[in-house]
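The numbers here are math on the coordinates, done by the rules we state, and not lab data. Note that this is a predicted model, so its numbers are computed, not measured. Cβ coordinates were reconstructed from backbone atoms using ideal geometry, including for glycine residues, and neighbour counts include every protein chain displayed.
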Amino acid sequence: MSRIEKALEKALEMKESMKEATEATPSSEHKIAFTGFEIGEALVNPDKVDSRIVCIKDPHSSSAEQYKKLRARILKATTKDFLNTLMVVSSDIGEGKTITSINLAVAIANEIDYTVLLVDADLKHPSVHKYLDIEPGYGLSDYLMGKAELSDILIKTGIGKLVLLPAGNPPENTVEPLSSERMKRLVQELKHRYKDRYIIFDSAPLLVTADSLPLSNYMDGIVLVVQAARTTPKTVSHALSLLKGCNILGVVFNNVPKDLAKNLYPYYYLYGNEGYYKKPKKSEEIDKL
């Protein structure tokens with residue numbers, strides 16, 4: 001046997017040994033395989049984005065300015081202690097929580113100093129990808145069920161420094177994955193990985209499903225979205241009672257008619273036709289809305 005043949009044979013043996021060692025290595029279902037954001041890429045086409053995502057569709061509009069004001073208030077309330085895991089939630093469906101989540105995420109991602117990971121945590125009715133016109137494969141639910149690694153489901157959007165973690169395939173039981181130890185460890189891993197990143201969770205409505213309640217325990221801060229002229233004070237009070245003990249950063253009034261805005265002053269400031277962010281100081285102030 002020639003020297004070349006011996007070398008090839010030796011290389012083949014080494015390759016087989018490495019393969020066997022890899023296959024023999026046990027894998028833990030709780031291990032977080034986080035390799036950063038340079039993973040998948042699905043560039044968002046602004047022309048196909050939903051018209052209500054104004055921070056992409058019309059970033060210089062009066063509506064987009066409201067989300068920039070929301071961004072400023074969120075950064076002011078969280079930067080000092082870097083409370084970077086934030087949940088956006090509503091009482092009921094159709095109040096604009098997902099629209100708020102996406103616009104806020106885009107507004108922060110366009111800042112020079114911050115990156116943003118937007119997580120679609122509404123596992124029953126995920127919609128973030130629809131607003132952005134993205135067709136993801138696996139997502140959060142698949143990761144929590146051990147069917148995908150985190151590195152397989154993070155998507156670069158091409159919009160500022162925004163990365164998307166889609167919801168994935170809806171499981172039969174959505175509460176258990178979100179309340180699992182794997183979810184808790186994932187939030188902590190995402191929180192501490194980088195010091196310039198905000199993680200925004202678009203969660204399920206509080207009064208529709210229990211999915212948001214376990215998730216709220218892992219959050220640094222919560223933003224409650226209220227649709228003006230629709231959401232009653234009783235409904236808001238009920239939602240706030242479910243969030244007792246959580247750090248509620250404030251309330252976003254969404255879709256406010258101009259005539260109603262006049263009656264809400266000084267609790268509401270109108271600019272264009274969007275909502276305004278106000279931190280509730282006392283529970284009785286909610287009743288005045």
Checklist outcome for this item: Sorted by chain and then number, the residues having a modelled amide H within less than 5 Å of the amide H of R197, at least 5 places away or on another chain, are T115
Next on the checklist: Give me K244, K68, K130 sorted ascending by neighbouring Cβ count inside 10 Å, so fewest comes first.
Outcome noted: K244, K130, K68
Checklist entry - How high is the FRET efficiency between F82 and E189 when r is their beta carbon distance and R₀ equals 25 Å, given to the nearest 0.05? => result 0.95
Checklist outcome for this item: Sparse-neighbourhood loop hits (chymotrypsin sites (Phe, Trp or Tyr not before Pro), region 180-250; DSSP loop; Cβ within 10 Å at most 16 others) -> Y194
Item to check | Cleavage-rule hits (GluC sites (Glu not before Pro)) in region 149-232: DSSP loop, at most 16 neighbouring Cβ within 10 angstrom | outcome: E172
Next on the checklist: Taking the beta-carbon count within 10 Å as an exposure proxy, list R73, R193 from fewest neighbours to most.
Outcome noted: R193, R73
Checklist entry - Among T78, T98, which comes first, then next, by fewest other beta-carbon atoms within 10 Å? => result T78, T98
